[in-house]
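A short write-up of the structure that comes next.
The values are calculated or read from the model by the stated rules, or taken from the named source; none is laboratory data. Because the structure is predicted, anything quoted here is derived from the model rather than measured. Glycine also receives a Cβ, built like all others from the backbone with ideal geometry; neighbour counts cover every protein chain displayed. Side chains included, ligands, DNA and RNA excluded: accessible areas come from the protein's heavy atoms. Shrake-Rupley method; radii C 1.70, N 1.55, O 1.52, S 1.80 Å.
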Amino acid sequence: CRDGGEGRLDFEPPERRSATPPPSLRPSSAKSKRERCGEKIVPRRLLLLRLPSMALRALLMLMLMLAAPGAAGPAMSLEFLDKAHCNDGSPAGMYARKSQARGKASVPWVIYLEGGGWCYSENSCQNRWKKRDGRMTSDVWEDDLEADDGIFSQDCDQNPTWCDANHVYLRYCTSDGWIGTATRTNIGYSFEGSLVIDEAIKTLMSGYMEDMPRLRRNAKVLLTGCSAGGRGAMFNIDRVQETLPNVKGFFDSAWWLTDIQPFYDRGKWITEEAQDAFDLYKPNLDNTCTRAHRSAEHWKCFFAPFAMPYVETPSLSQVYQYDKALLCKAVRCWAEEPTWGGRLLAYAEDWRAETFRTFSLVGFDGRRHPHRSLFSPACHDHCSLHTKYFFRTKVRSGDGRTMTAAEALRRFWAGERVVAVDTCAGGFVCGNRCNNDIGIVSDTPDDGGDGGGSWPGADIAPTAAPSSSSSSSSSSLSSPSSS
């Protein structure tokens, strides 16, 4: 909207010096953006009345119907959560779409937590606010969300397990990895991610949402998300299971490493950010994890190698061995991909080796923890749950079968334990059908070919895990269970 419109969007950042949350910037009504800006909206079909020819009108009506969003399935509609808030105090919210299935006795629910980084200090939050991309406020959100790829695909030939699910997409506007409970902070922002999850589930279970069925206590629910959303699902799922006992988790790209230093030691590393964030968020973390560490190290429970040993709800983790977001943070490659060679390539291989080591610490390589499943491609990617690579990238499991993430999730959902870890020996991004986006595209045969491998042994590290002579420092990571 331009200046003077009812839904003015050219807002300024909230006052940073106030100890109370900044006032909500949300328009007084939940009208669409065009309505808030005073634009006259003419229904598309009424426009056809102006056409001179009946035949032409009929033809255009047919084209309109075929091109309408509903042809690919209905969009997801926004529901505000007035009792939970974004960083700036505006209401949090979720997009929801009911199942299109008719006559099914049981329809699953997918509750997806959006990802998108975090902020952990006044300066980092000010910089995040300047982006004005809807990750700190709900005032710029659209009324509808088009989501029809990956797990949200409504093509039942491509996505048979989830095409008819009730889909819920929680927008991320709390900048805290979905774990905060801080309604007041001294930097002028609130961090209520964990409270947003609680309020969303409460709203879904109330049954008052228009065009959505009531979420029943005995419903089968997949709590999932990618990146910050995947970590949010991991940190909250045991608590959610107390309300929804049939919940399972799928954590996409939520595997942060602590015991490998950044390639370029400039600025704060994720371990330092986590320490600042812990003091700011008032995090709602599992106390079985925090009790295992002295108070000065409670922040370690922000990281999967420490948190996962205490997650009791059945879950499947998708871990990219050359995770793009974290590797880019370590080598400062946000602007453009570097040339992966020499010491930089050796660092990437050290990263992969450290990822393998943490798998063993968590217990994926044994049979002692049947509720923990793993799908790990040798790819330089981050977050594929909601993309076409959910159906493309492949890994060979321990039983010799090659599968995609979609297939791994289907088997896990059906009650199987899945451990599929790519141990291809070709080095950087040697995986099968990776979305590397760096000019290195691996597309080995569908049966796995030379690009797929299995993770051998019941209690041994992967024999094909790479090693290098990189000069990057790595201290040993004590087992969370013995810390």
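Restricting 383, 301, 379 to those that are in a helix (DSSP H, G or I) and either closer than 27 Å to residue 409 by Cα or not hydrophobic (A, V, I, L, M, F, W, C) (or both) reduces the list to 301. Condition (residue is without any contact (Cβ under 8 Å) to a residue 40 or more places away in the chain and either open to solvent by less than 10 Å² (accessible area, probe 1.4 Å) or farther than 30 Å from residue 343 by Cα (or both)) applied to the range 227-238: is it met by at least one residue? No. Quick one: in the range 281-300, of everything that is without any contact (Cβ under 8 Å) to a residue 24 or more places away in the chain and not aliphatic (A, V, I, L, M), which residue is least open to solvent (accessible area, probe 1.4 Å)? Restricting to residues being without any contact (Cβ under 8 Å) to a residue 24 or more places away in the chain and not aliphatic (A, V, I, L, M), the top hit is 290. Quick check on the range 97-104. Is at least one of its residues crowded, with 21+ Cβ neighbours inside 10 Å and either more than 16 Å from the chain's Cα centre (by Cα) or on the phi > 0 side of the Ramachandran plot (or both)? Scanning the range 97-104 turns up at least one residue that is crowded, with 21+ Cβ neighbours inside 10 Å and either more than 16 Å from the chain's Cα centre (by Cα) or on the phi > 0 side of the Ramachandran plot (or both).
Every listed requirement among (1) modelled with pLDDT of 95 or more; (2) crowded, with 23+ Cβ neighbours inside 10 Å is met by residue 422 save one, (1).
Report whether or not residue 200 is crowded, with 17+ Cβ neighbours inside 10 Å, at negative phi and within 17 Å of the chain's Cα centre (by Cα). When the stated conditions are applied, residue 200 passes them. Is it the case that some residue within the range 153-164 is in a loop (DSSP other than H, G, I, E, B), on the phi < 0 side of the Ramachandran plot, modelled with pLDDT of 95 or more and in contact with a Pro (Cβ under 6 Å, 6 or more places away or on another chain)? Within the range 153-164 (the criterion being in a loop (DSSP other than H, G, I, E, B), on the phi < 0 side of the Ramachandran plot, modelled with pLDDT of 95 or more and in contact with a Pro (Cβ under 6 Å, 6 or more places away or on another chain)), the answer is no, since none of the residues qualifies.
Go through the residues of the range 71-93 one by one and say whether even a single one is open to solvent by 40 Å² or more (accessible area, probe 1.4 Å), part of a helix (DSSP H, G or I) and not basic (Lys, Arg). Looking through the range 71-93, at least one residue is open to solvent by 40 Å² or more (accessible area, probe 1.4 Å), part of a helix (DSSP H, G or I) and not basic (Lys, Arg). Considering (1) touching a Gly at 6+ places or on another chain (Cβ under 6 Å); (2) at pLDDT below 95, the lone condition that residue 252 does not fulfil carries the number (2). Comparison of 399, 437, 450 shows that the only residue that is open to solvent by 60 Å² or more (accessible area, probe 1.4 Å), in contact with a His (Cβ under 9 Å, 6 or more places away or on another chain) and either assigned to a loop (DSSP other than H, G, I, E, B) or modelled with pLDDT under 80 (or both) is 437.
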